[in-house]
Amino acid sequence: MSAPRPLRLLSLLLASSGIAVAHDHAQDPTLRASEPDTPAIASPVVVPLDAGNRAALPRHAVEAVAHGQTLRCEGVSLTALLQAGDAMPDTPLRGPHLARYVLVQGRDGYRALFSLAELDATLGNAQVVLADRCDGQPIGDDAGPLRLVVPGDSRPARGVRQVDSITVIVAP
């Protein structure tokens, strides 16, 4: 969008007489400030899944339906696990953290993604639990020993069984 006609005429008149005129940057979309300096964020960050790290975190009980069966599971919040593993800040996400995602992979190669933003309590606030017990028992090798339970999902597609790695990555 160009400047109003009287302002353009004044700018031309001043410029022709050798007086410099400041350009209105707000009206020129091709001009922008340089990218802000942002601290480097480690990527990828592999989150420790060992029992010792999980034992230090609060436990949560969740219920979800998977393949017609109701699961009553308990484990640790994925958000708390990421924060304890220095893969997610414990303050509201801003800036470059909003372009990070969580890749959860099972032993069989099955993978699911979550954005860090959807896990943040001030944004998506998705409740996701890395469970190690279901129906009062440790999860067997067929689905465990660790299983991701996502009670808010309409279907259990991101409920990764046999979880063997969780990695936080900066999107390209």
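Points to keep in mind about this one:
- Verdict on Val76 being in contact (Cβ under 8 Å) with a residue 12 or more places away in the chain and either outside the structural domain of Ser165 (by TED's automatic domain parsing) or under 20 Å from the mean Cα position of the chain (by Cα) (or both): yes
- Scanning region 48-64 for residues that are in a helix (DSSP H, G or I) and within 12 Å of Leu130 (Cβ to Cβ) yields Ala51, Asn53, Arg54.
- Any hit, region 145-162, residues being modelled with pLDDT of 95 or more, farther than 19 Å from His67 by Cβ and in a loop (DSSP other than H, G, I, E, B): yes
- Options Leu71, Leu49, Leu57; residue that is under 20 Å from Gln162 (Cβ atoms) and either at pLDDT 90 or above or in contact with a Lys or Arg (Cβ under 6 Å, 6 or more places away or on another chain) (or both): Leu49
- Total residues in region 111-144, condition in contact with a strand residue (DSSP E or B) (Cβ under 9 Å, 6 or more places away or on another chain), assigned to a loop (DSSP other than H, G, I, E, B) and polar (S, T, N, Q): 1
- All positions within region 122-145 that are under 21 Å from the mean Cα position of the chain (by Cα) and of a type outside the set (S, T, N, Q): Leu123, Gly124, Ala126, Val128, Val129, Leu130, Ala131
- Check on Ala87, assigned by TED's automatic domain parsing to the domain that holds Ala51 and either free of Cβ contacts under 8 Å to residues at least 40 places away in the same chain or closer than 30 Å to Ile41 by Cα (or both): yes
The values are calculated or read from the model by the stated rules, or taken from the named source; none is laboratory data. On a predicted model such as this, the values are computed, not experimentally measured, just so you know. All Cβ positions, glycine included, derive from the backbone under ideal geometry; neighbour counts span all protein chains shown.
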